[in-house]
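K.L.:
Below you will find the structure I want to go over with you.
The values are calculated or read from the model by the stated rules, or taken from the named source; none is laboratory data. Predicted, not measured: the structure shown is a model, and the values here were computed from it. Because the Cβ atoms are built from the backbone with ideal geometry, glycine has one as well, and the counts that use them run over all protein chains shown. Just so you know, the surface numbers come from the protein's heavy atoms only, side chains and all, with ligands and any DNA or RNA stripped out. Shrake-Rupley method; radii C 1.70, N 1.55, O 1.52, S 1.80 Å.
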Amino acid sequence: MAAAHLRPLRGPPAAPDFHAREMPTKANDFHQDAPPLYERVKQYIVDRIMSGEWPQGHRVPTEQELVGMLGISRMTVHRALRELMNEGMVRRRPGAGTFVHNERPRLDLVQVRDIAEEIALRGHAHASEVHLLRREKADHVASEALGIPLRAPFFHSLIVHLENQWPVQLEERYVNPAAAPAYLEQDFTRSTTYAYLMTTGPLDRVEHVVEAIRPSPRTCELLKISPEEPCLVLHRRTWSRGQVVSRAWLTHPGSRYRLGAEFGRAVPEEA
């Protein structure tokens, strides 16, 4: 498998390690300014689901087991599990228990969609971390990707998308300033690159290539994954009004995404 594209970057420090965040073992360990207890119980369970420790179909500890493990009230645990069921993360089977029901989302190979909208449709919360957003001068890679001269200016961004606080996509993107002149002025913690770029002009053409890779150390750091976890990279290039608008590398942890596409009935070619 190929190595990830990510180039050495100079940007803000990496986000705190989600794997290092553990649930306090007793209720009095919670600080007054911490989220409510039931929210922290939810996050304790979600962390184990999203990390792959509790895979699809895994039996979640019973309410009584969680009470004993965490030293908190059954009412708190019950509310956390009830909300996770409403959000589709777990499912209760009468007489059998509560099980993980977090089917991996499908990475669509045909349509171009807004990741924030996809996450919202699953009933989950989207957030993003901007690690890089700046103007650069095109090297050979950027020149070829965007169809611009060497040393010409282009915009470069690196954004991590999170679903329920877990990183699910690393988006590295080169943008043609002629097609999206206000790119650097956007606040991509409030909206997505997709949302802005779709306002700059009609989408004329899309190129998709999928690749399986071993993640680089930087990718592991940003996506909070181990070096052994394979990743799926969707290479995307888009055109509008006859010019390349952007070239993106969308990297997804293999344990959190799957590939998919849907096609209509084939139409016979004309003679």
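K.L.:
Working only within segment 188-220, note down all residues that are in a helix (DSSP H, G or I) and farther than 22 Å from ALA116 by Cβ. Show your work before the answer.
P.N.:
Keep residues of segment 188-220 that are in a helix (DSSP H, G or I), which gives 193-197, 217-220.
Scanning segment 188-220 gives PRO217, ARG218, CYS220.
K.L.:
Given the conditions (1) of a type in the set (A, V, I, L, M, F, W, C); (2) over 28 Å from PRO253 (Cα atoms); (3) open to solvent by 70 Å² or more (accessible area, probe 1.4 Å), which single one is not true for LEU121?
P.N.:
All conditions pass for LEU121, except number (2).
K.L.:
For segment 139-158, indicate whether the set of residues that are within 30 Å of LYS42 (Cβ to Cβ), among the hydroxyl-bearing types (Ser, Thr, Tyr), assigned to a helix (DSSP H, G or I) and open to solvent by 10 Å² or more (accessible area, probe 1.4 Å) is non-empty. Full working, then the answer.
P.N.:
Kept after step one, since they are within 30 Å of LYS42 (Cβ to Cβ), are these residues of segment 139-158: 158.
Next cut, among the hydroxyl-bearing types (Ser, Thr, Tyr) only: none.
No, there is no match, as no residue in segment 139-158 is within 30 Å of LYS42 (Cβ to Cβ), among the hydroxyl-bearing types (Ser, Thr, Tyr), assigned to a helix (DSSP H, G or I) and open to solvent by 10 Å² or more (accessible area, probe 1.4 Å).
K.L.:
A further question on this structure: Could you look through segment 175-207, keep only residues that are within 20 Å of VAL141 (Cβ to Cβ) and either under 18 Å from the mean Cα position of the chain (by Cα) or small (Gly, Ala, Ser) (or both), and pick out the one that is surrounded by the most Cβ atoms within 10 Å (Cβ to Cβ)?
P.N.:
Restricting to residues being within 20 Å of VAL141 (Cβ to Cβ) and either under 18 Å from the mean Cα position of the chain (by Cα) or small (Gly, Ala, Ser) (or both), the top hit is THR193.
K.L.:
Any idea how many residues of segment 46-88 are among the aliphatic types (A, V, I, L, M) and in contact (Cβ under 8 Å) with a residue 60 or more places away in the chain? Full working, then the answer.
P.N.:
Residues of segment 46-88 among the aliphatic types (A, V, I, L, M): 46, 49-50, 60, 66-67, 69-70, 72, 75, 77, 80-81, 84-85.
With the extra rule that they be in contact (Cβ under 8 Å) with a residue 60 or more places away in the chain, the set shrinks to 46, 50.
The number of residues fulfilling the criteria is 2.
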